[in-house]
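Colleague: Below is one structure. I have some questions about it.
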Amino acid sequence: MPRLRFIVTFLILLAAFEFSLLIETVDRKVILPFTNSIAVASASIIRTAEGGVRVSGTTISAPCFAVDIKNGCNGVEATLFVLAAVLAFPATWMKKIIGVILGGLIIQAANLIRVVTLFLIGCRHRAWFDTFHLAIWQTAIFGIAVGFFVVWSRRSAPPNAAARA
């Protein structure tokens with residue numbers, strides 16, 4: 001029964017979080033500014049390797065390449081996955097808070113690396129961009145989210161949780 005409760009709660013939370021992304025006000029006032037901050041942070045790193053880098057909204061451009069960071073590429077969905085999983089899991093509120101913060105930071109750090117490397121791949125090896133964008137990095141970000149939750153949940157499970165499952 002605890003597993004079923006976790007799965008149902010997780011799915012309800014994930015659906016609610018994902019649904020919130022469809023609300024225009026949330027997109028305009030939260031997601032777009034957040035995505036812009038990813039573009040600004042990424043561009044500041046990219047400038048160490050590439051000249052003429054500019055940011056306009058969610059677009060990073062240079063003479064060699066340009067990329068627009070869209071929903072799905074800003075790490076928000078993977079972060080919401082971790083948020084829903086951690087909140088649904090039977091752990092103390094302190095462990096949940098730590099899990100949400102740590103999981104979000106890890107995913108966003110990985111996504112920052114993703115954006116920077118994808119931009120540089122686009123500049124230097126354009127033919128590799130789609131493979132890295134759609135197959136490698138997308139899988140890696142989701143894998144990081146799932147991997148984080150597995151490690152966190154094993155360390156955050158209440159005592160004798162295995163006996164109750």
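The values are calculated or read from the model by the stated rules, or taken from the named source; none is laboratory data. Keep in mind the model is a prediction, meaning the values are calculated, not measured. So basically every Cβ, Gly included, is an ideal-geometry build from the backbone, and we count neighbours across all protein chains shown. Accessible surface is based on the protein model in full, side chains and every heavy atom, while ligands, DNA and RNA are left aside. Shrake-Rupley method; radii C 1.70, N 1.55, O 1.52, S 1.80 Å.
Colleague: For region 18-40, enumerate the residues that are of a type outside the set (S, T, N, Q), closer than 15 Å to residue 66 by Cα and surrounded by 14 or more Cβ atoms within 10 Å (Cβ to Cβ). Lay out the reasoning, then the answer.
Modeller: At the first step, the residues of region 18-40 found to be of a type outside the set (S, T, N, Q) are 18-19, 21-24, 26-34, 38-40.
So of that shortlist, the ones also closer than 15 Å to residue 66 by Cα come out as 38-40.
If the condition is that a residue be of a type outside the set (S, T, N, Q), closer than 15 Å to residue 66 by Cα and surrounded by 14 or more Cβ atoms within 10 Å (Cβ to Cβ), then 38, 39 are the ones that fit.
Colleague: May I pose another question? Give me the pairs, please: first residue somewhere in region 85-102 and in contact (Cβ under 8 Å) with a residue 40 or more places away in the chain and farther than 17 Å from residue 75 by Cα, second residue anywhere and surrounded by 18 or more Cβ atoms within 10 Å (Cβ to Cβ) and among the hydroxyl-bearing types (Ser, Thr, Tyr), beta-carbon distance under 6 Å, and either six or more positions apart or on two chains.
Modeller: Close Cβ pairs satisfying both conditions: 89/153; 91/156; 95/156.
Colleague: On to the next question. Among the numbered criteria (1) open to solvent by 50 Å² or more (accessible area, probe 1.4 Å); (2) touching a helix residue (DSSP H, G or I) at 6+ places or on another chain (Cβ under 7 Å); (3) touching a residue at least 12 places away in the same chain (Cβ under 8 Å); (4) assigned to a helix (DSSP H, G or I), which one does residue 71 miss?
Modeller: Just one mismatch for residue 71, condition (4).
Yes or no, residue by residue, for (1) closer than 17 Å to residue 45 by Cβ; (2) open to solvent by less than 20 Å² (accessible area, probe 1.4 Å); (3) among the small types (Gly, Ala, Ser):
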{"position": "89", "(1), (2), (3)": "no, no, no"}
{"position": "100", "(1), (2), (3)": "no, no, no"}
{"position": "109", "(1), (2), (3)": "yes, no, yes"}
{"position": "112", "(1), (2), (3)": "yes, no, no"}
{"position": "117", "(1), (2), (3)": "yes, no, no"}
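Colleague: Out of all the residues in region 53-62, is one or more surrounded by fewer than 17 Cβ atoms within 10 Å (Cβ to Cβ), under 17 Å from residue 114 (Cα atoms) and within 20 Å of the chain's Cα centre (by Cα)?
Modeller: Scanning region 53-62, I find at least one residue that is surrounded by fewer than 17 Cβ atoms within 10 Å (Cβ to Cβ), under 17 Å from residue 114 (Cα atoms) and within 20 Å of the chain's Cα centre (by Cα), so the answer is yes.
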